[in-house]
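All remarks here apply to the structure that follows.
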Amino acid sequence: MRLSIEFQIIKKIYKYLIIAGIVLIVICTVFFFMRADKMTNAVIQTNKGNIIIELYPKESPITVENFKSYVESGFYDGTVFHRVISGFMIQGGGFLPDGTQKEVNAPIKLESNNGLSNEKGTIAMARTAVPDSATSQFFINTKDNVFLDYTGSSNPGYAVSGKVISGMDRS
């Protein structure tokens, strides 16, 4: 009789462990699918090493698609960081080493009102004074530049679309 009671207790424990394990697997699977759906990485190869950027297509779908289209077409191959301002940012994506500006695609709609901030390590699209004028050029913030964030129609800001996850020491 005693053996039977202990066996039933052990059987219940195993049952709960199996259920807990299945729940954990389901939670992890959902988490990984959510992350995979949300995240895209880009690698910028420089003569100083690689810079790996995590892109945010959920927050900036137009900007990320625009950036990806330039990457996939090979547009950025051979371009340089032509504007480097210490303690502010580095900008690239439009000029060759000899200073020749590359032909670009049509400008995109500004997505700066996306909840992301121009913090150190984030990547954003460069543009002219016209809000919807970003094309190929981007910049990496080398310090927090929250004054570049969207605050309203009088200060449309600059659209953050990702963050450096490796190689920030190269920027």
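The values are calculated or read from the model by the stated rules, or taken from the named source; none is laboratory data. Keep in mind that this is a model prediction, so the values were computed, not measured. With ideal geometry, Cβ positions are generated from the backbone for all residues, glycine too; neighbour counts draw on all protein chains shown. The area values use the complete protein model at the heavy-atom level, side chains included, leaving out ligands, DNA and RNA. Shrake-Rupley method; radii C 1.70, N 1.55, O 1.52, S 1.80 Å.
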- Applying the selection to the stretch 117-171, what residues are without any contact (Cβ under 8 Å) to a residue 60 or more places away in the chain, surrounded by fewer than 16 Cβ atoms within 10 Å (Cβ to Cβ) and not in a loop (DSSP other than H, G, I, E, B)? Val146, Phe147, Gly152, Asn155, Asp169
- Query: Leu116 fails exactly one of the following numbered conditions: (1) touching a Lys or Arg at 6+ places or on another chain (Cβ under 9 Å); (2) closer than 20 Å to Asp169 by Cβ. What is the number of that condition?
  - Reply: (2)
- Query: Out of the stretch 135-171, which residues are of a type in the set (Ser, Thr, Tyr) and either more than 21 Å from Thr40 (Cα to Cα) or at pLDDT 95 or above (or both)?
  - Reply: Thr135, Ser136, Thr142, Tyr150, Thr151, Ser153, Ser154, Tyr158, Ser161
- Item | Pick from the stretch 105-114, criterion touching a residue at least 40 places away in the same chain (Cβ under 8 Å) and either assigned to a strand (DSSP E or B) or touching a strand residue (DSSP E or B) at 6+ places or on another chain (Cβ under 8 Å) (or both), ranking: nearest to Tyr150 (Cα to Cα) | Ser112
- Message: Among the residues that make up the stretch 34-49, is at least one of them at pLDDT 95 or above and on the phi > 0 side of the Ramachandran plot?
- Response: no
- Can you spot a residue in the stretch 69-82 that is open to solvent by 40 Å² or more (accessible area, probe 1.4 Å), at pLDDT 90 or above and assigned to a strand (DSSP E or B)? yes
- Among the residues of the stretch 84-104, is there at least one that is surrounded by 14 or more Cβ atoms within 10 Å (Cβ to Cβ), in contact (Cβ under 8 Å) with a residue 40 or more places away in the chain, hydroxyl-bearing (Ser, Thr, Tyr) and assigned to a loop (DSSP other than H, G, I, E, B)? no
- Query: Out of Ser112, Ser117, Ser133, Ser69, which single residue is over 19 Å from the mean Cα position of the chain (by Cα) and among the hydroxyl-bearing types (Ser, Thr, Tyr)?
  - Reply: Ser133
